[in-house]
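The values are calculated or read from the model by the stated rules, or taken from the named source; none is laboratory data. Since the model is a prediction, treat every value here as computed from it, not as a measurement. FYI the Cβ positions are ideal-geometry reconstructions off the backbone, even for glycines, and counts take in every protein chain you see. Please note that ligands, DNA and RNA were not included when accessible areas were found on the heavy atoms of the full protein model with its side chains. Shrake-Rupley method; radii C 1.70, N 1.55, O 1.52, S 1.80 Å.
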Amino acid sequence: MEQVTKQRSIPFIDLHAQQSRIRPSVEERIKKVLDHGKYIMGPEVKELEQRLAEFVGVKHCVTCASGTDALLMPLMAYEIGPGDAVFTTPFTFISTAEVITLLGATPVFVDIDRQTYNIDAAKLRDAVKKVTAQERLNPKGIIPVDLFGQPADYEEIEHIAADFDLFVIEDAAQAFGAIYKNKHACSFGDVASTSFFPAKPFGCYGDGGAVFCDDDQMDERLRSIRVHGQGSDKYDNIRIGINGRFDTIQAAVLLAKLEIFEDEIQLRDQVAKRYSEKLAGSVVTPMVKADRTSVWAQYSLLTENRDKLLEALKSSGIPTAIYYPKPLHLQEAYRSLGYRRGDFPVSEKIADQIFSIPMHPYLSEEDQDYIVEAIKGFMG
Ligand SMILES: Cc1ncc(COP(=O)(O)O)c(C=O)c1O
């Protein structure tokens, strides 16, 4: 094993570098909010919704308080409840499945593709057939996840949805800005959700999220659910909703970030391509299918020797993270669903081997080379 002697401190995500680039614009926009004082659902929220709908290429954007609410609200709009089945993957952040459970419905997990880590469309079709034949749950919808920034296989997924009359909610929490077959992420399925959590590729300075759709009725329902199921005004409640409103200051931050977002996507891609070229052969590098792009919410690698490698990287000042160490079907919170180790072998294997290394648009070539050398030095 080659000893790495240099020591430095590299951030996993560098929001400071980004902020120094847009600070005047952020300050100017926040100042405007302080001046008008409409702190919740103010004019910047409306402007952002218009800009994001245009960016994605859909009719409606409904911003909300988090990426989790952005998944919950469409499920509420579909009136999902006990006895309903919604299909998703066990290799995702808990939010994706949690919202299904919160409404009393049942998440039905489907294993992932071994190369993209997104839902395996062939296995999805089998799972839908099986649940339909069992007649215990009513299959209602699918929530594919665009994991680590790469869109799922929407062509196949939308065929399955059409064949079984299911809705599709694209969980694009990690993929805002990505492209699949010449269309932007957040334009797939019937409804799409994203997150503006600060560490996301398009993040604000607090919690936030958005839902995207083309359907006017869905848009109307989402806007009502976002504010306690309001009707003609906020004291007219026509359905049960939530407090899912978005803060104006966060919208102002995102408007500033939108100015540099396309450039940042390019920079992220350059960092990822450079990593992949240099690391090929020592660890398993990420695979992005030819008909799509990733926005690299995470740059994730696989190795069987993960624990020791991560220890070595830590001692060289290189931060790492594991997304996700335990698939959802093995979580205590989902014990009642009765899944066992071995049910989703691909998710389990990937969970045992995956790790992510620093990824952001401002990662210098020097820091990148240092990270690459530390990994290669350890792997021998
Ligand atoms: C795949 C996925 N779905 C949903 C969410 C929820 O987003 P938020 O943290 O904004 O509620 C996240 C956030 O990490 C996510 O990664």
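If the condition is being open to solvent by less than 20 Å² (accessible area, probe 1.4 Å), touching a strand residue (DSSP E or B) at 6+ places or on another chain (Cβ under 8 Å) and not in a loop (DSSP other than H, G, I, E, B), then region 98-107 contributes ILE100, PRO107. For region 62-94, filtering for residues that are buried (at least 24 other Cβ atoms within 10 Å of the Cβ) and either near the ligand (Cβ under 10 Å from one of its atoms) or not aliphatic (A, V, I, L, M) (or both) leaves 14.
Restricting ALA178, ALA172, ALA162 to residues that are aliphatic (A, V, I, L, M), farther than 11 Å from PHE87 by Cα and over 23 Å from the mean Cα position of the chain (by Cα) narrows the list to ALA162. For region 200-254, a residue qualifies if it is acidic (Asp, Glu) and closer than 16 Å to GLY42 by Cβ, and exactly one does: ASP247. Residues of region 202-221 that are of a type in the set (D, E, K, R) and either within 12 Å of the ligand (Cβ to nearest atom) or touching a residue at least 24 places away in the same chain (Cβ under 8 Å) (or both): ASP207, ASP214, ASP215, ASP216, ASP219, ARG221.
In region 279-298, the residues that are closer than 28 Å to LEU15 by Cβ form Cβ pairs under 8 Å with partners that are charged (D, E, K, R) and within 16 Å of the ligand (Cβ to nearest atom), at six or more places apart or across chains, as follows: ALA297/LYS200. Answer yes or no: is there a residue in region 226-238 that is open to solvent by 10 Å² or more (accessible area, probe 1.4 Å), outside any loop (DSSP other than H, G, I, E, B), of a type in the set (D, E, K, R) and more than 16 Å from the ligand (Cβ to nearest atom). Within region 226-238 (the criterion being open to solvent by 10 Å² or more (accessible area, probe 1.4 Å), outside any loop (DSSP other than H, G, I, E, B), of a type in the set (D, E, K, R) and more than 16 Å from the ligand (Cβ to nearest atom)), the answer is no, since none of the residues qualifies.
In this entry, GLU54 is excluded by the filter for residues that are closer than 30 Å to LYS31 by Cβ, of a type outside the set (A, V, I, L, M), away from the ligand (no atom under 12 Å from the Cβ) and in contact (Cβ under 8 Å) with a residue 12 or more places away in the chain. The sole residue among ALA199, ALA185, ALA173 that is within 16 Å of the ligand (Cβ to nearest atom), open to solvent by 10 Å² or more (accessible area, probe 1.4 Å), among the aliphatic types (A, V, I, L, M) and touching a Gly at 6+ places or on another chain (Cβ under 9 Å) is ALA173. Scanning region 320-340 for residues that are basic (Lys, Arg) and within 21 Å of the chain's Cα centre (by Cα) yields a count of 1.
All conditions but one from (1) within 29 Å of LEU328 (Cα to Cα); (2) in contact with a helix residue (DSSP H, G or I) (Cβ under 7 Å, 6 or more places away or on another chain); (3) assigned to a helix (DSSP H, G or I) apply to ASP69; the one that does not is (2). Is it the case, given these coordinates, that ASP14 is acidic (Asp, Glu), in contact with a Gly (Cβ under 8 Å, 6 or more places away or on another chain) and either within 19 Å of ALA175 (Cα to Cα) or open to solvent by 10 Å² or more (accessible area, probe 1.4 Å) (or both)? No: the conditions fail for ASP14. Among the residues making up region 198-235, a single one is modelled with pLDDT of 95 or more, over 16 Å from VAL62 (Cβ atoms) and more than 21 Å from the chain's Cα centre (by Cα): GLY231. For ARG114, indicate whether it is over 19 Å from the mean Cα position of the chain (by Cα), of a type in the set (Lys, Arg) and surrounded by fewer than 24 Cβ atoms within 10 Å (Cβ to Cβ). Judged against the criteria, ARG114 is not a match.
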